[in-house]
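Everything below concerns the one structure shown next.
The values are calculated or read from the model by the stated rules, or taken from the named source; none is laboratory data. All figures in this text were calculated on a predicted structure; none of them were measured in a lab. In this analysis, Cβ positions are derived from the backbone assuming ideal geometry, glycine residues included, and neighbour counts consider all displayed protein chains.
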Amino acid sequence: MSAGTLAAPASVEELLLRSGHAALDLSGAQHSAWNGRIVESSDHILGLAHWDGTLHLDREYILDPLREMYALAGREHPTQQLARYREALATILHEHSHFLGPAGATQEAARDAFVRPGSRQLEEGVAEAWAQVHLNDYLHRLGIDKVAPGIDSFRTNGQYAPFVTAVRMLGADLESRGGLAPGTILSALNNQTAEHQLPVMATLYYNSTRLPELEPAGPRTRDHLESVLRSGLAALDKHQLLPHPQATARAKATTQSLLSHLHLEIARAESLYTRRQVPHPTRTAFAGLPAPNASGDLTPQPPVETARLPAPGRRSEAVDARGAPDRA
């Protein structure tokens, strides 16, 4: 048995009890806001990470398939049946991703940030992209590949295609600019709450330029880059209800326009401040990921084949008593 892998849970109940710790351990995050409670729902919203720390899972599309999986434990199944089980488990991992964050992070601050332009699109995209990348590892840690043989031998399209597409493109761009290993940006953002996800991305873009040494009166351009990111990410909403191939294609075009805008604004700012400084300082190599310290400031930190599944429901949004959308 490999490191990090335990005996398979003997029931759906045991699986659910272990689901949060397995996600936290897999992520390397410092904290999960999950309170250990799971509510079985019947509103065709596949999953919700409620702001009070409760996990809501749909009975028909999440819990019933997993009960069937355990009732038929160890048997061979056709790919379409395995896809139902796989997507149910992907939903659970996605929702647990929403609860992850650094030590000291609060759900109240995350909820306030989540309603700002671009924050919901980024958090949903990060949660889904990270869940897709790490789902097989999650299944292995929980021993699900023994309960449903072959569940780790293919991939499904998942949810939130426009947001996932944008997150992947932005992450790849930042990793290229900073000389970082693939996946570094996704992992860093996944381990933040909505309070810091978008500010961290904006700071990473700012720090990948010569502007920290060139800009004399504080990081005004960093704030501008955050505004550009927020507007560009918010524009992805118009693609969300399209079929997966079209949603992906449209999101690629929208994100490419966002990247072109970001690069243009960076080039303009560097050109402006370079003309004002003679000689200009040499830009040191970009290294490290900013992470919020106890005071909330950002400080450097070392970087750390598909089967199309029809989605009868989706990880949608609900509104809590205070009017803030839940993360789905």
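Among the residues making up region 110-120, a single one is touching a Gly at 6+ places or on another chain (Cβ under 9 Å) and assigned to a helix (DSSP H, G or I): Ala110.
Looking only at residues in region 3-56 that are touching a strand residue (DSSP E or B) at 6+ places or on another chain (Cβ under 8 Å), part of a loop (DSSP other than H, G, I, E, B) and of a type in the set (S, T, N, Q), the one that is farthest from Glu87 (Cα to Cα) is Gln30. Out of the residues in region 74-130 meeting the condition of being acidic (Asp, Glu) and surrounded by fewer than 19 Cβ atoms within 10 Å (Cβ to Cβ), tell me which one is farthest from the chain's Cα centre (by Cα). Selected residue: Glu76.
Residues checked against (1) in contact with a Lys or Arg (Cβ under 8 Å, 6 or more places away or on another chain); (2) not small (Gly, Ala, Ser); (3) not assigned by TED's automatic domain parsing to the domain that holds Ala109:
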| residue | (1), (2), (3) |
| --- | --- |
| Asp25 | yes, yes, no |
| Ser42 | yes, no, no |
| His50 | no, yes, no |
| Asp58 | no, yes, no |
| Ile62 | no, yes, no |
| Met69 | no, yes, no |
| Leu72 | no, yes, no |
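Checking each residue in region 173-192 for being surrounded by fewer than 23 Cβ atoms within 10 Å (Cβ to Cβ) and not in a helix (DSSP H, G or I) picks out Gly179, Leu180, Ala181, Pro182, Gly183.
Contact annotation: no residue pair with Cβ atoms under 6 Å, 6 or more positions apart or on different chains, pairs a residue in region 210-222 that is outside the structural domain of Leu198 (by TED's automatic domain parsing) and at pLDDT 90 or above with a partner that is crowded, with 18+ Cβ neighbours inside 10 Å and in a helix (DSSP H, G or I). What do you reckon, is Leu236 more than 25 Å from Ala103 (Cα to Cα), at pLDDT 95 or above and surrounded by fewer than 18 Cβ atoms within 10 Å (Cβ to Cβ)? Against the criterion (more than 25 Å from Ala103 (Cα to Cα), at pLDDT 95 or above and surrounded by fewer than 18 Cβ atoms within 10 Å (Cβ to Cβ)), Leu236 does not qualify. Do the conditions hold for Thr254, that is, is it more than 30 Å from Asp25 (Cβ to Cβ), hydroxyl-bearing (Ser, Thr, Tyr) and in a loop (DSSP other than H, G, I, E, B)? No.
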